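Visitor: Can you read through this structure? Questions will come right after.
Bear in mind that the values in this text are calculations on the coordinates, not laboratory data. These numbers come from a predicted model, not from an experiment. Quick reminder, even Gly has a Cβ in these numbers, built from the backbone with ideal geometry, and neighbours come from all protein chains shown.
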Amino acid sequence: MAATILIIEHDEPTATMYARILELAGYQVRAVLSAPDALRAVAGHPPDAILVDFRMPVMDGLDFLRALRARPSGRTIPVAIVTGDYQLDERVVAELHELGAEIRFKPLWVDDLTALAHQLMEAGKKDN
């Protein structure tokens, strides 16, 4: 059974592109357009890994990660924060790392995205 990756990206074309790339790489992919939708999706069926955009309306990637890690089922899911914001505050970066997230900057090309997915899956194996 293929590993499942949850993509949280408010920009629908980007979410669709990431999903298609990862599906072609052999992953099962679920994509949602908001962090609240992602929290509901994780509660119903936790994925093997999560890619989450940092800058989103309603709830940003850091707030999502805090909420995810507060849940028993979300404490060990490997997460990568993806952002085009090259000016992240050092305290934010430190907290993201403390919460166990990888940070990657856009644009993510095909090889970048598939390598990141593989890295997250390997990290998930170590946690189990």
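Visitor: Rounded to the nearest 5, what is the percent of antiparallel bridges among the DSSP beta bridges in the stretch 38-128?
Guide: Taking every DSSP beta bridge with both residues in the stretch 38-128, the antiparallel ones total about 0 percent.
Visitor: With contacts defined as alpha carbon pairs under 8 Å and 6 or more residues apart, what's the relative contact order of the chain in percent? Walk me through the intermediate numbers first.
Guide: Numbers: 196 pairs, mean separation 31.6, N = 128.
It comes to 25 percent, rounded to a whole number.
Visitor: Now a separate question. Of Leu33, Val92, Ala2, which is farthest along the charge dipole of the chain in the positive direction, counting Lys and Arg as +1 and Asp and Glu as -1 at C-beta?
Guide: Ala2
Visitor: Can you give me the Cα centroid spacing of the stretch 43-85 and the stretch 1-33 in angstrom?
Guide: 14 Å
Visitor: Of Glu23, Glu12, Glu90, which is the most mobile in a GNM of the chain whose springs link Cα atoms less than 10 angstrom apart?
Guide: Looking only at Glu23, Glu12, Glu90, the largest GNM fluctuation is found for Glu90.
Visitor: If you put +1 on each Lys and Arg Cβ and -1 on each Asp and Glu Cβ, how big is the dipole of the stretch 3-58 around its Cα centre, in Debye rounded to 20?
Guide: I would put it at about 80 debye.
Visitor: In Å and whole numbers, how far do the C-alpha atoms of the stretch 4-127 stretch along each principal axis, longest first?
Guide: 35, 31, 27
Visitor: For the stretch 34-107, give the magnitude of the charge dipole about the Cα centre (Cβ charges: +1 Lys/Arg, -1 Asp/Glu; no others), in debye to the nearest 20.
Guide: 220 debye
Visitor: About the Cα centre of the stretch 4-127, what is the dipole size in debye to 20, counting +1 per Lys and Arg Cβ and -1 per Asp and Glu Cβ, all else neutral?
Guide: The calculated dipole for the stretch 4-127 is roughly 420 debye.
Visitor: Summing +1 for each Lys or Arg and -1 for each Asp or Glu, what net charge is found among the other residues whose Cβ lies under 13 Å from the Cβ of Ala3?
Guide: On the way: positive: Arg30, Lys125; negative: Glu23, Asp48, Glu122.
Result for the neighbourhood of Ala3: -1.
Visitor: Given a cut-off of under 8 Å on Cα pairs at least six residues apart, what relative contact order in percent is computed for the stretch 1-60?
Guide: Result for the stretch 1-60 is 46 percent.
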